[in-house]
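The values are calculated or read from the model by the stated rules, or taken from the named source; none is laboratory data. In this text, all values refer to a predicted model and were calculated from it rather than measured experimentally. The accessibility values were calculated without ligands, DNA or RNA, using every heavy atom of the protein model including side chains. Shrake-Rupley method; radii C 1.70, N 1.55, O 1.52, S 1.80 Å.
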Amino acid sequence: MTESQAPRIHRPPIVVLGVQQNDPPYRLVEIAGELAGKAHSVLDVIEIAREVGLDDVDLDDPDVVRWVGGDKFTWTSFWPPHRSHHEHRAKRARGAGSGDVD
């Protein structure tokens, strides 16, 4: 197999990673494999791209942007953070006999 026949793996220049829990939530943005910034909205993604010289970015083009853990409309996590085993036990101990349900 020659190099021209080998399948190519294309990595879009912009990768927007999944939502990170914070107040407010955010998504990390990588450009050309390097961490470029923190975005709270699509406007932040566009601004980060402009800061590194990428103008007129088409956020819907999968050859340009890869959205991980959602799309350009996903800016909050789908699930609330999980409580640890210790938090569950502590809540049960506090609520014992009070009718609280976990």
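Accessible-area rank, largest first, for K38, K72: K38, K72, with all protein chains present and a 1.4 angstrom probe.
All C-alpha to C-alpha distances of segment 12-65, sorted into 10 Å bins beginning at zero, yield P(r) values of 26, 60, 14, 0 percent in whole numbers.
Annotation: amide H of S77 has no partner in the under-5 Å range at sequence separation 5 or more or interchain, hydrogens built in the peptide plane.
Taking all protein chains together and a 1.4 Å probe, the residues D55, D61, D23 rank D23, D55, D61 from largest to smallest accessible area.
Each residue of segment 43-50 was assigned a 3J(HN,Hα) from its phi angle through the Karplus expression (A = 6.51, B = -1.76, C = 1.60, θ = phi - 60°), giving 4, 5, 4, 4, 5, 4, 4, 5 Hz with x at Gly and Pro.
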